[in-house]
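Input: a single structure, listed below in structure tokens.
The values are calculated or read from the model by the stated rules, or taken from the named source; none is laboratory data. This structure is a prediction, so every number in the text was calculated from the model and none was measured. Neighbour counts run over all protein chains shown; Cβ positions are idealised from the backbone, glycine included.
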Amino acid sequence: MTLAHSKPNQVNRIDHKLPSLTTTKHPAVSEEEMRQAVRTLLLGLGEDPDREGLKDTPKRVVKALKFLTSGYNQSLEELLNGAVFHEDTNEMVLVRDIDLFSSCEHHILPILGRVHVAYIPDGKVIGLSKIARICEMYGRRLQAQERLTAQIADALQELLKPKGVAVLVEASHLCVVMRGVQKPGAWTSTSALRGEFANDAKTRQEFMSLVQHNPRLR
């Protein structure tokens with residue numbers, strides 16, 4: 001299992017000026033065009049898209065893909081709904097074992113795992129459920145795990161201006177499990193560290209010790 005640390009100046013940022021607070025725009029494609037594309041794929045696989053079991057598959061696939069990428073249609077402003085509060089505390093806040101369901105942008109196959117998020121407040125805190133929702137918003141896009149990890153960290157950094165942010169993502173990629181090298185036991189860990197977590201080894205070690213465990217699917 002690899003552990004990669006993403007420093008702020010090394011983040012592959014898709015949204016340039018304010019990566020955490022903007023969403024990607026898509027060209028207009030009708031749902032019917034999407035269904036026809038799925039039908040073409042079925043034909044290319046040698047299947048009969050008109051047989052009983054596949055007759056409604058194009059519609060189902062399009063509906064599923066829209067749900068699995070619904071994070072493109074969300075914004076942090078709407079998601080937060082004002083749930084940022086002034087609080088005089090500077091102790092670490094940690095939310096761990098947040099279930100992650102995302103999709104690999106290379107093969108559009110599932111990424112399954114969990115996210116651990118910590119931050120050290122500097123006068124502001126965020127509703128705990130919003131941390132999970134931020135992970136969910138970025139997870140419901142076509143993703144690279146490295147980018148997903150950095151986007152979560154950058155979002156909290158922009159929203160709260162805390163003393164530090166740490167994000168650790170542990171995930172199994174079904175493009176590795178089901179095809180290619182076919183290694184079902186392989187897990188990938190990526191981390192993004194900001195502020196005190198990046199600059200202070202003791203703070204970083206405290207975070208890592210709190211989230212250490214053997215990754216497994218429930």
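Pull up segment 153-202, narrow it to residues that are in a helix (DSSP H, G or I) and in contact with a helix residue (DSSP H, G or I) (Cβ under 6 Å, 6 or more places away or on another chain), then point me to the one that is nearest to residue 78 (Cα to Cα).
Among residues in segment 153-202 that are in a helix (DSSP H, G or I) and in contact with a helix residue (DSSP H, G or I) (Cβ under 6 Å, 6 or more places away or on another chain), the one nearest to residue 78 (Cα to Cα) is 155.
Take residue 51 and decide whether it is basic (Lys, Arg), in a strand (DSSP E or B), modelled with pLDDT of 90 or more and out of contact with any Leu (no Cβ under 6 Å at 6 or more places or on another chain).
no
Scan segment 75-121 for residues that are among the basic types (Lys, Arg) and crowded, with 17+ Cβ neighbours inside 10 Å and jot them down.
If the condition is that a residue be among the basic types (Lys, Arg) and crowded, with 17+ Cβ neighbours inside 10 Å, then 114 is the only one that fits.
How do the pairs read when you match residues in segment 150-169 that are touching a residue at least 24 places away in the same chain (Cβ under 8 Å) with residues anywhere that are among the aromatic types (Phe, Trp, Tyr), using Cβ under 6 Å and keeping only pairs 6 or more apart or on different chains?
Once the first residue is touching a residue at least 24 places away in the same chain (Cβ under 8 Å) and sits in segment 150-169, its partners that are among the aromatic types (Phe, Trp, Tyr) give 151/138; 152/138; 156/119; 162/119; 164/197; 165/119; 166/197; 166/207.
Hey, can you tell me all the residues within segment 88-125 that are farther than 23 Å from residue 204 by Cα and either part of a helix (DSSP H, G or I) or out of contact with any Ser or Thr (no Cβ under 9 Å at 6 or more places or on another chain) (or both)?
Across segment 88-125, the qualifying residues are 101, 102, 104, 105, 106, 107, 108.
Looking at segment 77-87, which of its residues are part of a helix (DSSP H, G or I) and either over 21 Å from the mean Cα position of the chain (by Cα) or charged (D, E, K, R) (or both)?
Residues satisfying the conditions are 77, 78.
Please specify each residue of segment 57-74 satisfying the condition of being of a type outside the set (A, V, I, L, M) and surrounded by fewer than 12 Cβ atoms within 10 Å (Cβ to Cβ).
Scanning segment 57-74 gives a single hit, 67.
Just give me the residues in segment 40-66 being within 30 Å of residue 134 (Cα to Cα) and either touching an Asp or Glu at 6+ places or on another chain (Cβ under 7 Å) or in contact (Cβ under 8 Å) with a residue 60 or more places away in the chain (or both), in sequence order.
Across segment 40-66, the qualifying residue is only 62.
Taking segment 170-185, which residues are touching a residue at least 24 places away in the same chain (Cβ under 8 Å) and touching a Pro at 6+ places or on another chain (Cβ under 9 Å)?
170, 171, 172, 173, 174, 175, 178
From the list 96, 60, pick out the single residue that is more than 28 Å from residue 197 (Cα to Cα) and charged (D, E, K, R).
Result: 60 is the single residue among 96, 60 that is more than 28 Å from residue 197 (Cα to Cα) and charged (D, E, K, R).
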